[in-house]
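Asks: The following block contains the structure, expressed as structure tokens.
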Amino acid sequence: MSTLLDELETRLASRRHGDADTSYVAGLHQRGLNKILEKVGEEAVETILAARDAENGDDSARQALIGETADLWFHSMVMLSHLGLDHHTVLEELARRQGISGLEEKASRPTE
Ligand SMILES: N=c1c2ncn([C@@H]3O[C@H](COP(=O)(O)OP(=O)(O)OP(=O)(O)O)[C@@H](O)[C@H]3O)c2ncn1[C@@H]1O[C@H](COP(=O)(O)O)[C@@H](O)[C@H]1O
């Protein structure tokens, strides 16, 4: 699975300065960070709405949620790519957190 993300990462990087007429990703980069963030926000909202529908929905509603989540992950990867980061940094952060209870971690934060 990580291979798939690696391949997508390579394809995204190859579009960084590509032709917007033939590449959706190149078009996003050309339109800039604000446009990319707008898409991330839009896909996040669509994912939330699809999850609501999927809770008591049929297979097609669950499939729609999978599609929206894929859109959200994809646009998040474009965002990272635009900023010179990649999914490995996120996987490393998740690996760092592995086994650390979210409740314990929150309790150990310095109080403001
Ligand atoms: N995984 C994806 C992927 N997922 C979703 N999308 C596109 O993301 C867009 C999201 O849908 P929307 O309806 O919100 O988009 P839209 O209406 O065109 O956008 P706006 O005009 O509203 O900004 C669609 O155009 C989808 O086709 C993707 N486009 C590309 N990829 C990957 O990126 C690679 C490079 O793509 P290109 O840059 O197009 O060659 C591809 O080979 C794929 O591997």
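The values are calculated or read from the model by the stated rules, or taken from the named source; none is laboratory data. Note that the coordinates shown come from a computational prediction; the quantities given were computed from them, not determined experimentally. All Cβ positions, glycine included, derive from the backbone under ideal geometry; neighbour counts span all protein chains shown.
Asks: Which condition breaks for LEU85 when tested against (1) of a type outside the set (Lys, Arg); (2) within 16 Å of the ligand (Cβ to nearest atom); (3) not in a helix (DSSP H, G or I)?
Replies: (2)
Asks: Further question: Hey, could you check segment 45-67 for residues that are exposed (fewer than 15 other Cβ atoms within 10 Å of the Cβ) and under 21 Å from LEU8 (Cα atoms) and say which is farthest from the ligand (Cβ to nearest atom)?
Replies: Selected residue: ILE66.
Asks: Which ones in segment 1-19 are of a type in the set (Gly, Ala, Ser) and more than 9 Å from the ligand (Cβ to nearest atom)?
Replies: SER2, ALA13 - these are the residues of segment 1-19 that are of a type in the set (Gly, Ala, Ser) and more than 9 Å from the ligand (Cβ to nearest atom).
Asks: How many residues are surrounded by fewer than 10 Cβ atoms within 10 Å (Cβ to Cβ) and either closer than 30 Å to GLN30 by Cα or among the aliphatic types (A, V, I, L, M) (or both) when one looks only at segment 96-112?
Replies: So the count comes out to 2.
Asks: Something else: In segment 22-34, is there at least one residue being at pLDDT below 95 and either surrounded by 12 or more Cβ atoms within 10 Å (Cβ to Cβ) or within 11 Å of the ligand (Cβ to nearest atom) (or both)?
Replies: no
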